[in-house]
Amino acid sequence: MGYFINTINKSGTVAVDDTILVKDVPATAGSRMLENFKPLFSAEAVERLEKAGYVIAGKANVGEFGLDLAGETSYFEPVTENGCIKGAAAELVAKGEIKAAIGVDLNGAPRRAAALSGVDFIKPTYGTVSRYGIISCAASGEQVGVYASSAADIKDILGVIAGHDSKDGTSLPQEKYEYSLDEDVSSMKVCIIAELYEKADGDTKAKIDAYAEKIKSLGATVETVSLDCVEQAQTAWQILMAAETCNNVSRFDGVKYGYRTPEYKNIDELYVKSRTEAFGFLTKATVIYGSDVLSKGRYENCYDKALRIRRVVCDKVKAILASYDAILTPVCGKTEYKPYDALGAFEKVYEESVFTAIPSITGLPALSAKGVQLIADSFKESVLLSIAHGVERTEA
Amino acid sequence: MKYELVIGLETHVELSTDSKLFCSCGGHSSPKEPNDCVCPACSGMPGMLPVTNKHAIELAVKAGFMLNCKINQYTTFDKKSYYYPDLPCAYQITQWFNPICVDGCVDLGERKIGIKQIHVEEDAGKLVHDEATNTSFVDFNRTSVPLIEIVSRPDFRSADEVITYLKKLKSSLQFAGISECEEGAMRCDVNISVRPEGSNELGVRSEIKNMSSLSEIKDAIEFEKVRHVDAIERHTEMLVQETRRWDDVKRRTFPMRNKETAADYRYFPDPNLMPIVIDDEWLEEIRASMPATAEEKAGHYEEMGIAAKEAGVLASDRKLSDTFDKVVAMGCNAKTAASWILTECMGQMKRLELTSLEIEPAKLARIIELVEGGEITRAAGKKVLSAVFENDVDVDAYCEENSLSAKIDNSFILETVCKVIAENGKAVEDYKNGKVKAMQSLFGCVMKELRGNGSPDVIREMLEAELNK
């Protein structure tokens, strides 16, 4: 317990977040609801890893359905180190216990967890890695990504799991993706989004500044730009994410599998008691919020508007990426988080999501590398990996 | 005051696809054991994603063509959320924002019924309640089976129009291979209101949910008309917009619990399913694969020399017309084939209480061939047909086993004729004394001896020759 919810093979080198299915191994998604849920099949990403010869070490602990900051809402003993919140998979990579892990990024949790543990996590372009076999919440933005301690390891694992899968209707048609660490960083132009930089605390700003200096030392230019829709992107993604999550977790109703309340008088009571007893506070808040934004009379001004904002944000970010190879931003507002009162979870995650929302809502690839975030245009993962690889070498 | 009915229909029809709408489980097919036809996707397990069945989309487009609709070449799927144990994901995938077909019509001859839209959606499962153990079971076999919902405009003015429309819909959909439209596989929600004749305003509407039998639909509409008129004229009750059900035992509608109807379905576009774009090429491919309509078929049959009324009956049912087409293709004369199907086959169907024609066209063609070629008598042909309907026998083997051949040896007929003459002295004498009727009696005896075989003309000839010797 703690880091692994279930150990599969002690000599394994890759961990799988517990929001991703491995055949016959319980997949809890960090929720009491799925405490004893054994999936009948493995996720496509897991199948591909195994086919490529990787041995799965176990199922890493996650926050309930992956909705939180970095794993603190897990029903199963969340991980903390020195009194600070840590993500299980990221911390296992940081400790060198595994080479890499795969996880689902739906609202930034793995990107934040990587930053808090000083490792990397890539959320690739939406549609490049199959979502078949993940405990899906925010279908329009979630992606399976890779945790590792170097850009080189990320490149290896991502190259294995990316590629078309006919079992996922949102999977893009390209069969295979080739990633590289060797793009010419010296000719690249990178920009920092002023509005996001200003939202971070001093330590985080210092990290960004230091990272910018290293990029410059590689010959790239770094400039500051303005993006006037970061808060709209944050709120819009919050709406879409919560609505989709509310809808997707509605299948966890105590009827077919998962937790069922021991006593009930009728079907309504079975639903209400099972879900009340098995879901944590953040999931409940997300369900209520998601339900509200889809309700009659609210749909036009909430959900539908969020869809329209998504388009505007995409256009504006794409416009920046027409002039720059990559965007550099904070991935968390702070460098560490103390455990907090669960009743504040919804606001807490919302507040932090301003940094992670743009890649989530646009589907653009993002790399959380050593405490900062790099964003590039669709399919330009190699730009991100080459920058991170170059920066790693300046540190070596 | 005279009142008129204003009725609109929402008709759900199961599509004839080999697999379900979003997974590869078998789709429309015969009843199985509960939960035989279920996978992680259609039972709502996490991790599975929907992948659209292309054939279902094509069938829906065909339905659009049949009903003169405009096809939306950009169409999307949406989620409709509600909790019920027969709905494993707690949402149904349907089309709310961009239905696949819009603005069509169905011509009922005197009147036209507008079609507002046709949309594709998945069916729900089935609950089975066991009173003995006070337990409810869920059967997901039907979950995610593809349906189309055909939404009419409120253009019906009588129960008869509704029934005519539904019959026509059924035959059109069967013809195009869109749906088998089997018993219970076509379900209707009937929206009904009443207003003074000539008025343009709409009255208070009730919706009668989930009706599948035509006679019940008719009865429910008649019941509602009386209820609404009574409420308006005699203030028997206060009409409210509500959803009702038909109670077939009490022969009346009753309101559903308010709770069931107050739901907010929280529709939103399904992010797991990309919009479907039907380009011109695909659209034309689907159009080219459309079979002839019932009207076109009937017209074609008339050209083949079949009377209008008979052509209409043949064309109205796919099984009848399919059998007819095949039998004719095997070389049978069209008029003869029509008469065998409409008289003899339908006679057998009536006798055996069958709702559809189930006969191998090759067997029917062989029977017709034998009768027309004089190999067996028409009476014998009917006997074989009856055996085919009952036990699906082999035509030639059955004829042989039962000595049905009309071409029996003439010497055997002569032998039988002589035998009958020898055994019926009285009748022979009568005949010789001029009683013509006696001839008929002797003829009957010979036929009886030959068990209906042998050409009647030959028998008569021989009998006369022997008697006149």
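All of the numbers you see were taken from the coordinates with simple rules; none came from a lab. Treat the numbers as computed from the prediction; the structure is a model and nothing was measured. Cβ coordinates were reconstructed from backbone atoms using ideal geometry, including for glycine residues, and neighbour counts include every protein chain displayed.
Quick notes on this structure:
- Percentage, to the nearest whole number, of Cα pairs in chain B over 27 Å apart: 67
- Dipole of the protein assembly as shown [Lys/Arg +1, Asp/Glu -1 at C-beta], most positive-end residue of A:GLY118, B:VAL38, B:VAL277: B:VAL38
- Treating r as the C-beta distance of B:SER403 and B:LYS426 and R0 as 41 Å, the FRET efficiency rounds to 0.90.
- Approximate spin-label separation B:ALA132-B:ILE163, in nm, with each point projected 7 Å along Cα-to-Cβ: 4.0
- Spatial separation of Cα centroids for the range B:127-189 and the range B:358-426, in angstrom: 45
- Of the residues B:LEU450, B:ALA465, B:GLN440, the one whose Cα sits farthest towards the positive end of the charge dipole of the range B:410-467 is B:GLN440 (charges of +1 on Lys and Arg Cβ, -1 on Asp and Glu Cβ, taken about the Cα centre).
- Per-residue ellipticity at 222 nm, computed for chain A from helices alone with -39500 (n - 2.57) per DSSP H run of at least four residues, works out to -12000 deg cm²/dmol.
- With a 10 Å cut-off around each Cβ of A:32-42, the average count of Cβ atoms from other chains is 2.
- Within chain A, longest stretch clear of exposed GluC sites (Glu not before Pro) (DSSP loop, no more than 11 other Cβ within 10 Å): A:1-174
- Summing Cβ point charges (Lys, Arg +1; Asp, Glu -1) relative to the Cα centre of the protein assembly as shown gives a dipole of roughly 1080 debye.
- Of the trypsin sites (Lys or Arg not before Pro) in the range B:101-161, the ones in a loop by DSSP (not H, G, I, E or B) with at most 15 other beta carbons within 10 Å are B:ARG111, B:ARG157.
- Residues listed by number, the range A:32-73, amide nitrogen under 18 Å from A:ALA342 label point at 7 Å toward C-beta: A:32-36, A:61-73
- Put a plus charge on the Cβ of each Lys and Arg, a minus charge on the Cβ of each Asp and Glu, and nothing anywhere else: the dipole of chain B about its Cα centre is then about 1120 debye.
- Percent of alpha-carbon pairs separated by more than 25 Å within the range B:292-401: 17
- Debye equation applied to the C-alpha atoms of the protein assembly as shown, log10 I(q)/I(0) at 0.05, 0.07, 0.09 Å⁻¹: -0.42, -0.70, -0.96
- For the protein assembly as shown, with +1 on Lys and Arg beta carbons and -1 on Asp and Glu, the positive-most of A:SER149, B:VAL6, A:GLY297 along the dipole: B:VAL6
- Computed from the Kirkwood radius of its Cα pairs, the Stokes-Einstein diffusion coefficient for the range B:200-250 at 10 °C and 1.306 mPa s stands at 134 µm²/s.
- Under the simplified labelling scheme, the A:LYS38-B:ASN35 pair shows an inter-label distance of 1.5 nm, with each label point 7 Å from Cα along Cα→Cβ.
- Summary value for the range B:292-401: 20 percent relative contact order, contacts being C-alpha pairs under 8 angstrom separated by 6+ residues.
- For the range A:203-282, trypsin sites (Lys or Arg not before Pro) meeting the loop criterion (DSSP other than H, G, I, E, B) and having at most 12 other Cβ atoms within 10 Å: A:LYS265.
- Normalised contact order of the range B:410-467, rounded percent, pairs of Cα under 8 Å and 6 or more residues apart: 44
- Normalised contact order of chain A, rounded percent, pairs of Cα under 8 Å and 6 or more residues apart: 20
- Overall shape of chain A was characterised from the C-alpha gyration tensor. The equivalent ellipsoid obtained from it has semi-axes of 32, 24, 19 Å, in decreasing order.
- For the range A:252-328, the C-alpha radius of gyration divided by 2.2 N^0.38 Å, with N the number of residues, is 1.74.
- Separation between Cα centres of the range B:29-76 and the range A:329-378, rounded to whole Å: 38
- Note on the range A:270-396: Cα convex hull, mean projected area over all directions, 11.0 nm².
- The loop-placed chymotrypsin sites (Phe, Trp or Tyr not before Pro) in the range B:253-331, going by DSSP, include none that has at most 13 neighbouring Cβ atoms within 10 Å of its Cβ.
- Size of charge dipole - chain A - debye, nearest 20, with Cβ of Lys, Arg +1 and Asp, Glu -1, no other charges: 580
- Spin-label pair A:ASP209-B:GLU358: with each label point 7 Å from Cα along the Cα-Cβ axis, the two points sit 8.5 nm from one another.
- Here the Debye sum runs over all C-alpha atoms of the range A:19-111 as equal scatterers in vacuum, and log10 of I(q)/I(0) at q = 0.13, 0.15, 0.19, 0.23 Å⁻¹ comes out as -0.42, -0.57, -0.91, -1.27.
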